[in-house]
Amino acid sequence: MDKKQFEQYESIPVEKFQLAQSEVNHDVKFDTKPVGYFRDAFNRFCKNKASVVAAVIILCIVLYAILTPLFTFRFGESFLDPYYAKLGPRNLALSKIGIANAEVTQDVDEKTYMYYLGLGVGAEDSDGNGATWQDGANSKYNVVLRIKEEYKFINKTQRVIGIESYLAKGFIYMQIPAERYDEIIAWEEKNGLKVIYPAIDTANGYCADSENANYWYKMDSKITPISTKTGEDVAITIANKLELEDNYLRDDDGNVRYFVNVGGSSTTSPEKKVRVLYYNYYIMQNGFEPEYIFGTDSQGYDMSLRLAGGIRLSLLVAIAVSFINLLIGTIYGAIEGYFGGMTDLMLERVSDILSGVPFIVVATLFQMHLASKVGPIPSLLFAFVLTGWIGTASRVRTQFYRFKNQEYVLAARTLGAKNFRIMFKHIFPNALGTIITSSVLVIPSVVFSESMLSYLGIVKLGGANGTSLGTLLSDASAIWTNYPHLMIAPALIISLLMISFNLFGNGLRDAFNPSLRGSEG
Amino acid sequence: MFKYILKRIGLLLLTLFVIMFMCFVLIRMLPREMPQRTDQLEATLQRWEALGYNEPILTQWGIYLKNIFTKWDFGTSWNIDYLAPAWNVIADRLLPTVLVNLYSLILSIPIGLGLGILAAVKKNKWPDHIISTGIMLFVSVPSYVYAFLVQYLFYFKLGWFPLKVYSVADAGGSYFTAKMFYSMIPPILALSFGTVAGLARFTRAELTETLTSEYMLLARAKGLTRGQATVRHAMKNAMVPILPMIIGEFIGILGGSMIIEQIFSIPGVGQLYIQSINTLDYDVFMMDGLFYTFIGLLAGIVVDISYGFIDPRIRMGER
């Protein structure tokens, strides 16, 4: 071809050009939103109903733990009333519909039955003018809520009765200074509630037990109530309908006396021994009636607050452990997996040895060495952290081994990325799903271990602020057969927490596993 | 294979040695209490001198090792069983722990396997749903909650069993009497719930996987019934990971469950551990901790090695 032929093509006018394709093909725009890894995981998590329910339960428990102290206006977490310890749930509003009425069932003989009835009668008879069985039954201090069953046992009537456990505490003896006595009298007049009840005549032979302030009526030496109206002692029974007679201490004019001076004459001794109705004394002390929605614990703290505190502590420890394990495990596993070779071998040996130490031994040693220096909770944390990260580390290590030789890592290295950047920018996100799952699943196991350690007494938490669910269980362990509610509430919460965290964790694991995508339909 | 086992045992001994040293140093650093009873003072001080308690800790470590290798002497109990060798103290407690856990395993293995197989065979039908829900509940609830439930139900409500395990004297002088077994039933039950659930979960997962493999399709295609294919092919393959797990559980029974022993007052290794902490009986504590470490490490090795024996296709020690 010669030059000329080319020349004619060199200057082709623009008009002669024509587009080969008249329409321009653009990529079709997606109508749907792009779904990222986490969005996808979230979507699949939401399809798993059990896990969502578990997440809601966890949320409820956490909210309970946070909100209960905020909504308990009357008293704080250190509020303590040892006299009302181990009692059942009591709430005045709810008791009208038959729940939380502090009822305890007792199988009693007639003498004890009359003792409980007598508490109500005695509470009405505050001035020695006498009160009838009927007054007692109508009284707001009536202890016997109902008779569930009556049966004969060796010719005697036994009754199964439901008693109000708070009111059943009845009267107690107290030794108070004279000024305090005046204060109480002033409060009584202002509020119209009787706190101080007449003292008992312990010397006239009608009082068989001078320690128990509830024996206000006349009784024989076998603490059977007796009537002396007819001139001789007649035993009172339910059948003969005789009224209880008070055994109050009276002065020469026949008026009841409300106190006995303790030690010496009335002028030299400022102390007065008085008989107080504890229920009203409680109202005077605190300004409200005893109401505990979950009852009281073995020392007399409010159970609902103790539970909230226990959940908070247990969960906080668990979350802290999970977080620290995540941090250490990730760094350790990343170094192991990324560098491999000799580094890996050495670090593996270290974690092998550490994982060989039984956790319980570690926890005990840490408690023995550190509990007195930094307190039981930090030393518990140390123990958890010492061996806890090994699982996370090995998971991260596996992921690093899988991904470190992929092409995109090579590409990043070729472009001059530093080790640190490759490790945490390029490889680490691949391990994120497994890590999140495992750190959620750590939480129930930490809650369990912590409760076990404090139940066994290896970790000794105590006092008003440092309670955990395991401590509550351990407090209840010796006495729970008589007071089941002390055991039921913490055991139930621990079980609920463990079940829901496991379900939640399993749901997360499935959600973060892309190989399961689509398989659940 | 042989070389691999030797290597693993060597590593076990090395790990055990390092852990032993750490525990030893930490325990010997704790302050010691003089015996409360004055008549024991002299004997205790003499024994302390013999064990080198007044030397530097590294020398003490040497003496401790020397005593183990020459006299099999792991130290002395100071409070639990005065001046008895720690080895004997723990050896005496081994039998009740092993018995209770062995009974529990014998009870739970057939139930757990059975439930797991049933769930896997009836996958996504109602038996599977019931069993899977049950597994989820029973795996999560802590063992001591079962202990309370068992105590409440069988002792307080029904009155069938005693609250705690009888002492040897009460049960007729031996751990093998019928009366002793009878009193051990509540702890056995309390231990079994968790084991049954764990085993059933594992069996279900493994068997489901094998049931959906390709060779099952082949087995059906060559004319086996579903039952035949399941028993001859799926079960055999599913057992490869299940059996080592059961073997591991059998070694684990030596360690027992501390909390169950405490609740039912079984005089076993776990209770001894708690006792040794509460009474600050350090040598027994050291011995008990060592025992737990050893059991844990041993279980790991035996499980790994048993894979090779159960399934000849698995070659041990290959990268």
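The values are calculated or read from the model by the stated rules, or taken from the named source; none is laboratory data. Because the structure is predicted, anything quoted here is derived from the model rather than measured. Methodologically, a virtual Cβ is constructed for each residue, glycine included, from the backbone with ideal geometry; neighbour enumeration extends over all protein chains shown. The accessibility values were calculated without ligands, DNA or RNA, using every heavy atom of the protein model including side chains. Shrake-Rupley method; radii C 1.70, N 1.55, O 1.52, S 1.80 Å.
When A:Met342, B:Met1, B:Met287 are compared by accessible area at a 1.4 angstrom probe, the order from most to least is A:Met342, B:Met1, B:Met287. Per-residue accessible area (protein heavy atoms, 1.4 Å probe) orders B:Asp81, B:Asp73, B:Asp288 as B:Asp81, B:Asp73, B:Asp288, starting from the largest. Based on the Stokes-Einstein relation at 10 °C and a viscosity of 1.306 mPa s, and on the Kirkwood radius from alpha carbon pairs, region B:197-319 is assigned a translational diffusion coefficient of 91 µm²/s.
Between chain A and chain B, the total buried accessible area stands at approximately 3000 Å², from heavy atoms with a 1.4 Å probe. Structural size metrics of the protein assembly as shown, computed from C-alpha coordinates, are Rg and Dmax of 36.3, 156 Å.
3J(HN,Hα) along region A:481-493: 5, 8, 10, x, 5, 5, 8, 4, 4, x, 5, 5, 5 Hz, from the Karplus curve 6.51 cos²θ - 1.76 cosθ + 1.60 with θ = phi - 60°, whole Hz, x for Gly and Pro. Close amide-amide hydrogen proximity is noted between A:Val459 and A:Ser454, each under 5 Å apart and 5 or more residues distant or on a separate chain (H modeled in the peptide plane; Pro and chain starts excluded). Between A:Tyr197 and A:Arg275, A:Val276, A:Leu277, the built amide H atoms are under 5 Å apart, and every one of these is 5 or more places off in sequence or on another chain. Pairs with C-alpha atoms separated by more than 30 Å, drawn from the list A:Lys96/A:Lys194; A:Lys273/A:Lys460; A:Lys29/A:Lys418; A:Lys194/B:Lys157, are A:Lys273/A:Lys460; A:Lys29/A:Lys418; A:Lys194/B:Lys157.
When the convex hull of its Cα atoms is viewed from all sides, region A:425-465 shows a mean projected area of 4.5 nm². In this view, the solvent-accessible surface of B:Met20, computed with a 1.4 Å probe and all protein chains in place, comes to about 20 Å².
Within the same chain, lysines fewer than 8 places from A:Lys218 are excluded, and of the rest, those with a Cα less than 18 Å from its Cα are A:Lys111, A:Lys229, A:Lys241.
Once you reduce region B:224-260 and region A:428-479 to the center of their Cα atoms, the two points are 30 Å from each other.
The calculated FRET efficiency for B:Met34 paired with A:Ser372, based on their beta-carbon distance and R0 = 22 Å, is about 0.70.
Listed by chain and number, the lysines whose alpha-carbon sits under 24 Å from that of A:Lys3, ignoring those within fewer than 8 places in the same chain, are A:Lys16. Placing +1 on the Cβ of every Lys and Arg and -1 on the Cβ of every Asp and Glu, with nothing else charged, gives region B:8-152 a dipole about its Cα centre of roughly 700 debye. Each principal axis of the Cα cloud of chain B was taken in turn, and the coordinate range along them, longest first, works out to 81, 57, 30 Å. Placing +1 on each Lys and Arg Cβ and -1 on each Asp and Glu Cβ, with no other charges, gives chain A a dipole about its Cα centre of roughly 2520 debye.
When the chymotrypsin sites (Phe, Trp or Tyr not before Pro) in region A:274-324 are filtered for DSSP coil states and for at most 12 other beta-carbon atoms within 10 Å of their beta-carbon, the remaining sites are A:Phe288. The listed residues A:Phe384, A:Phe366, once ranked by accessible area (1.4 Å probe) with the largest placed first, stand as A:Phe366, A:Phe384. Based on protein heavy atoms only, chain B ends up with 50 Å² per residue of surface accessible to a 1.4 Å probe. Of the residues A:Ala102, A:Asn138, A:Tyr215, the one whose Cα sits farthest toward the positive end of the charge dipole of region A:90-286, with +1 on the Cβ of Lys and Arg and -1 on the Cβ of Asp and Glu, is A:Ala102. Remark: region A:385-394, residue by residue, has Karplus-estimated 3J(HN,Hα) of 6, 4, 10, x, 6, 4, x, 4, 4, 5 Hz, where x stands for each Gly or Pro and the curve is 6.51 cos²θ - 1.76 cosθ + 1.60 at θ = phi - 60°. Rounded to the nearest whole Hz, the Karplus-based 3J(HN,Hα) values (6.51 cos²θ - 1.76 cosθ + 1.60, θ = phi - 60°) of region B:268-275 follow the sequence x, 5, x, 5, 4, 4, 4, 4, with x at glycine and proline. Taking every alpha-carbon pair under 8 Å whose residues sit at least 6 apart, region A:223-346 reaches a relative contact order of 8 percent. When the Cα positions of A:Gln175, A:Asn502, A:Asn43 are compared along the charge dipole of chain A, A:Asn43 comes out farthest toward the positive end, with charges on each C-beta of Lys, Arg, Asp and Glu.
Here the simple spin-label model places points 7 Å from the Cα toward Cβ, and for A:Leu432 and A:Phe323 these points are separated by 1.9 nm. Across the alpha-carbon set of region B:2-71, the Rg to Rh ratio works out to 1.15, Rh being the Kirkwood radius. Quick one: with all protein chains in place, what share of the accessible area of the protein assembly as shown is carbon or sulfur, to the nearest percent (1.4 Å probe)? Percent of accessible area from carbon and sulfur atoms in the protein assembly as shown: 61. Using equal-weight Cα scatterers in the Debye expression, the normalised intensity of region A:303-516 in log10 at q = 0.09, 0.14 Å⁻¹ is -0.44, -0.89. Shown here for region B:178-287: trypsin sites (Lys or Arg not before Pro) in loop regions (DSSP other than H, G, I, E, B) with at most 16 other Cβ atoms within 10 Å, namely B:Lys222. Structural descriptor for region B:64-220: relative contact order 29 percent, calculated from alpha carbon pairs under 8 angstrom and at least 6 residues apart. Could you work out how far the C-alpha centroid of region A:81-105 sits from that of region A:306-322, in angstrom? That distance is 27 Å. For chain A, the longest principal axis of the alpha carbon atoms and the long axis of helix A:341-356 meet at an angle near 10°. Straight-distance candidates among the lysines for linking to B:Lys179, with alpha-carbon spacing under 17 Å and chain neighbours fewer than 8 residues away dropped: B:Lys164.
Of the trypsin sites (Lys or Arg not before Pro) found in region A:82-141, the ones in coil according to DSSP and having at most 11 other Cβ atoms within 10 Å of their Cβ are A:Lys96, A:Lys140. Relative to the longest principal axis of the Cα atoms of chain A, the long axis of helix A:428-456 makes an angle of roughly 20 degrees. Seen against the Cα atoms of chain A and their longest principal axis, helix A:49-71 is set at about 50 degrees. Short to long, the 5 Å bins of the Cα pair-distance histogram for region A:110-261 hold 2, 9, 17, 21, 21, 14, 8, 5, 2, 1, 0 percent of all pairs. Probing with 1.4 Å while keeping every protein chain in the model, the per residue accessible area of region A:375-521 equals 43 Å². Across chain A, C-alpha contacts under 8 Å between residues 6 or more apart give a mean separation that, scaled by the residue count, equals a relative contact order of 17 percent.
Averaging Cα coordinates gives a centre for region A:142-180 and one for region A:36-61; these two points are 51 Å apart.
Answer with one residue from A:Gly128, A:Tyr401, A:Leu432: the one whose Cα lies farthest towards the positive end of the charge dipole of the protein assembly as shown, charges on Cβ with Lys, Arg +1 and Asp, Glu -1. Going by the Cα projections, it comes out as A:Tyr401. Amide H to amide H, with H built 1.01 Å from N, B:Asp311 comes under 5 Å of no residue 5 or more places away or on another chain.
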